[in-house]
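Below: the structure, in structure tokens.
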Amino acid sequence: MDGVPIPKDFLLPLPASAGDLELALVLLFLAHILFVNLMVGGVLLSLAFEIRGLRRPSYDALAKKIAATVTVNKSLAVVLGVGPLLVINALYGLYFYTANSLTGGAWILIVPVVISAFLLLYLHKYSWAALADRKGLHLAIGGAGATLLLFVPLIFLANINLMLFPGRWLEVEGFLSTLALPNVLPRFVHFVLASVAVAALFLAGWLCRRGFDFETALPGLDRSVIKRELLTVVLAATALQLLAGPLVLATLPPHGLSWLLLGNLAVAVSLGIAALVLLWRESSAAGPLSARYWTVVVLLGCTVGLMGLTRHLYREKAITPHRELVAAHTADFRAAALGAEMRLAAGTPRIGAGEVVASPGERVFRATCMACHDLDTRRVGPPLREIVDIYADNPDGLIAWVKAPGKKREGYQQMPPITMQDAQYRAVATYILNEVFSLPEATAETG
Amino acid sequence: MDFPVFHLDFLGNRMLIALIAVLHVWINHAFAVGAMPLVTALEWWGYRSGDDRWDRLGYRVLTVCFVVTTTFGALTGVGIWLSTSLVNPYAIGSLIRIFFWAWFIEWLVFVTEVLCIMIYYLSWKPMARRKKAHIAVGVALSVASWVTMAIITAILGFMMDPGSWLARESFFSGVFNPIYLPQLAFRTPVAMIAAGWLALFLAYFFTRSEPDLRRRSVRFIALWSLAWLPAAVAGALWYWRAIPVWMAGNVPVALGTQRFAAWYDQLLTVLAAMVVVVFVTGVFGVVLPRRLPRVALLVPFALTLVLLGSFERVREFIRKPFVIGEYMYANGVRVADLPLLKEEGVLHHATYARVREVTDSNGVAAGAEVFRLSCTRCHTVSGVNSVTDRLGGLYGPGAWDRDTVKYYLVGMHTARPFMPPFPGTDREAGALADYLVDLQRAPRPALGAQDVGARPGAAGPIGGGEEG
């Protein structure tokens, strides 16, 4: 794998078995994406119905009703995102963080962008009555919120995509270049269609539920008409997936594909097509929602679940070869680090060419004191000559000072207390008081 | 070392996390932990006195809290994760493996809290005829918010107890460390007071046309804040006095440093300032509610932010030089890997180094790489905690001596116990000194992988500027 970076893995055990974490990831992520879909789709549908309400005012109240569901769904989308984020960090941290760093600017922009989007959506919702006569402005606020919100999945998709392809890690330069990777934009289309479908399906059930006084809440609208319209949206968006889906599959680098994955996908698509047929029947049937609605919900739920599993199968297959290289590299590194630790403990560390071989006291001096103290001239602190004058024959006094320096000299910086082992204090005091000015050369360099 | 290096050369990477985290803590304390009981109290007072205006005021204050916590509050919480994964990925990836279940529990608690606030806020009007039940929801939410804080403070304490997970592997020894209870005793009243000043500020806007309600509400809320003041003083002093005791048992090296002493004194000053301001404005608000100037309301509110921020800093400070006690240094180098890196070099073992070997002619370029790999988690070139400022403080504005800088780099962890040891060979220390001395001559920012990618040997800028 020439040109493929091989980092070393985290050297700590996973908090649970990989299988359990993978299962948790698939399930928690589905819960998160469900509410993300409800949020994004809800915002788009609310805007669409508000635009429709410009000509047929009774739709305006429907748009507002939909916006109210977004308030709850968007907060659940955020808080339910943290769980899968935690699991993906644990399972795929090496891959995920690499993608995060390479798209870092956009990655951290998620925070202000989502905050701004949510604030605009609140403004949109709470200014509904106040801006009733200025619909253009009101729609612009909602539109700005929706646009910002749609930017966020793009960032996540770029990361989720880039993390699977270590061969691309050295290629990309910043977020925009990761967007150009083949799979990102098709997946974005796939996601937006899914959001619209999921939200419309939910709204059909929510607005047509028993116990909801539709006629009072939404005067001028007919429940079965709204049901039909919403289900037609589900039908259209899901049917379009039959185009978007193959595009996503075709643009995926093939090394993550497998027969298991394709078989899985085939089952998912078949269930989806069955759901489409039922949707078509339900949307063309008059009257309230029938039991068919729930069959559709279950079928599409299974489709989405299987898609989540497919995604996971692809991820595992795509990174397994790289993971094996990482594991081998990590083992090598670990052995080398252990060797160096043992050499250090035995007092025989390997020393590079041109490095210093010195007495123990000189080693301590070079490592600890030399940055501030020279032999004859003032650096940060006074030169050693003056120190020798003060502490000649009094190493204990010197050590006591080094451990807890007293009042600083006029015009000098205060010396910090130096923490080391007792033998090191002793060695460096001996070096300063007895060696440094009596040896022929202060330092000896080896070839 | 194992990740492309994200770097913000002006703000500084740690400052990015600090800004997000302090904003999050402050919103959590003022707008949630403190505000929920205060709003419930306003609602209850309206119910008891039969005066609907209190109910409306409570709802308006709650609306602001709802909007702020579900936008800034929630997203800064997520932002802590997003930023730590950029700033120190190897550290956060390791921490997640250690503290996964603690964070998982924390997440479940957060989900509960979000559900609670949704229910309380969105059911305010639908439950208008069942006030008693709704007030009970408010009480439950207040308790849940406080429990959230108590659990998360425990988890923070657990994580801040360096080495306990290694040595004892005991969750509870970490949770019930000596600063847990003082910390909780401090955070609780500060949250209540912060919420009081927030509500006072808001009440000014919401009662513009109702001078009578303004007078009463200012008095009510000022009394609320004053009532919590003695507890805040006691809690803060307890916490303040517990810090050295706790540190002595955990990080002996840090205790002696002058920077800690300075910070410790400064903290007491901030504390005293907060007490005085809260007391004076509070008494003023109770006695002369009509005369209290609006700007006076912002000062104590801002001071609570400063105070919380100062106390959050202690957690960062005492960790040093580690990010995970005894296991990993702040720059992401494992303690156990240090001997190997000192023998063979950080450039040799980094996944994304643009220069692999220090030669006689590439000192500055190699040094720039060593800097990016070993120093940029905490230092910038020209922004917050700038490396040139730090060296300038030591060696002055005159041209620095390359060898002096090199010796300083090799030994600084002994004189500056909060610094990690230099994680490379002698030649790499020399190259880093070459780079730093060159930076003094020709300042230019260091760029991160988010801008220039991670390609080794890329023709792109090295350390932000062409070499030589």
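Structure summary
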read-out	value
Subset of the range A:122-147 [within 30 Å of B:Leu16 (Cα to Cα), within 14 Å of another protein chain (Cβ to nearest Cβ), open to solvent by less than 50 Å² (accessible area, probe 1.4 Å) and over 24 Å from the mean Cα position of the chain (by Cα)]	A:Tyr122
Residue in the range A:17-35 that is modelled with pLDDT of 95 or more, farther than 24 Å from A:Leu309 by Cβ and either open to solvent by 10 Å² or more (accessible area, probe 1.4 Å) or more than 14 Å from every other protein chain (Cβ to nearest Cβ) (or both) present	no
Unmet requirement for A:Ala204, which otherwise passes all of (1) over 26 Å from A:Gly104 (Cβ atoms); (2) open to solvent by 50 Å² or more (accessible area, probe 1.4 Å); (3) not charged (D, E, K, R)	(2)
The lone exception for A:Ser258 - which of (1) modelled with pLDDT of 95 or more; (2) closer than 30 Å to A:Gly167 by Cβ; (3) of a type in the set (S, T, N, Q) it fails	(1)
Matching entry among A:Asp393, A:Asp376, A:Asp422 (being acidic (Asp, Glu), touching a helix residue (DSSP H, G or I) at 6+ places or on another chain (Cβ under 6 Å) and open to solvent by 30 Å² or more (accessible area, probe 1.4 Å))	A:Asp376
Answer from A:Leu38, A:Leu76 - the residue that is open to solvent by 10 Å² or more (accessible area, probe 1.4 Å), touching a residue at least 12 places away in the same chain (Cβ under 8 Å) and more than 19 Å from A:Val233 (Cα to Cα)	A:Leu76
Complete set of residues in the range A:48-73 that are over 13 Å from A:Leu203 (Cα atoms), aliphatic (A, V, I, L, M) and either within 29 Å of the chain's Cα centre (by Cα) or within 14 Å of another protein chain (Cβ to nearest Cβ) (or both)	A:Val72
Where B:Asp9 falls short, out of the listed (1) within 14 Å of chain A (Cβ to nearest Cβ); (2) free of Cβ contacts under 8 Å to residues at least 12 places away in the same chain; (3) of a type in the set (D, E, K, R)	(2)
Selected residue [buried (at least 22 other Cβ atoms within 10 Å of the Cβ) and part of a helix (DSSP H, G or I)] from B:Leu86, B:Leu115	B:Leu86
Boolean, B:Leu23 is assigned to a loop (DSSP other than H, G, I, E, B), within 13 Å of chain A (Cβ to nearest Cβ) and closer than 30 Å to B:Leu303 by Cα	no
Complete set of residues in the range A:412-447 that are farther than 25 Å from A:Thr377 by Cβ, at pLDDT below 75 and either among the small types (Gly, Ala, Ser) or in a helix (DSSP H, G or I) (or both)	A:Gly447
Yes/no for A:Leu76 being at pLDDT 95 or above, more than 14 Å from chain B (Cβ to nearest Cβ) and more than 30 Å from A:Phe10 (Cβ to Cβ)	no
Condition check for B:Met1: in contact (Cβ under 8 Å) with a residue 60 or more places away in the chain and within 12 Å of chain A (Cβ to nearest Cβ)	yes
Subset tally (residues that are over 10 Å from the mean Cα position of the chain (by Cα) and within 7 Å of another protein chain (Cβ to nearest Cβ)) for the range A:83-93	2
Scope the range B:118-134; condition loosely packed, with under 14 Cβ neighbours inside 10 Å and among the aliphatic types (A, V, I, L, M); matching residues	B:Ala128, B:Ala133
Test: residue in the range B:306-322 that is farther than 30 Å from B:Leu95 by Cβ, surrounded by 15 or more Cβ atoms within 10 Å (Cβ to Cβ) and either touching a Phe, Trp or Tyr at 6+ places or on another chain (Cβ under 7 Å) or away from every other protein chain (no Cβ under 12 Å) (or both)	no
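The rows are residues; the columns are (1) in contact with a helix residue (DSSP H, G or I) (Cβ under 7 Å, 6 or more places away or on another chain); (2) within 30 Å of A:Val4 (Cα to Cα).
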residue	(1), (2)
B:His349	yes, yes
B:Asp360	no, yes
B:Val387	yes, no
B:Pro397	no, no
B:Gly411	yes, no
B:Asp438	yes, no
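The values are calculated or read from the model by the stated rules, or taken from the named source; none is laboratory data. Source: prediction; values computed, not measured. Glycine gets a Cβ as well: all are built from the backbone with ideal geometry, and neighbour counts include every protein chain shown. The accessibility values were calculated without ligands, DNA or RNA, using every heavy atom of the protein model including side chains. Shrake-Rupley method; radii C 1.70, N 1.55, O 1.52, S 1.80 Å.
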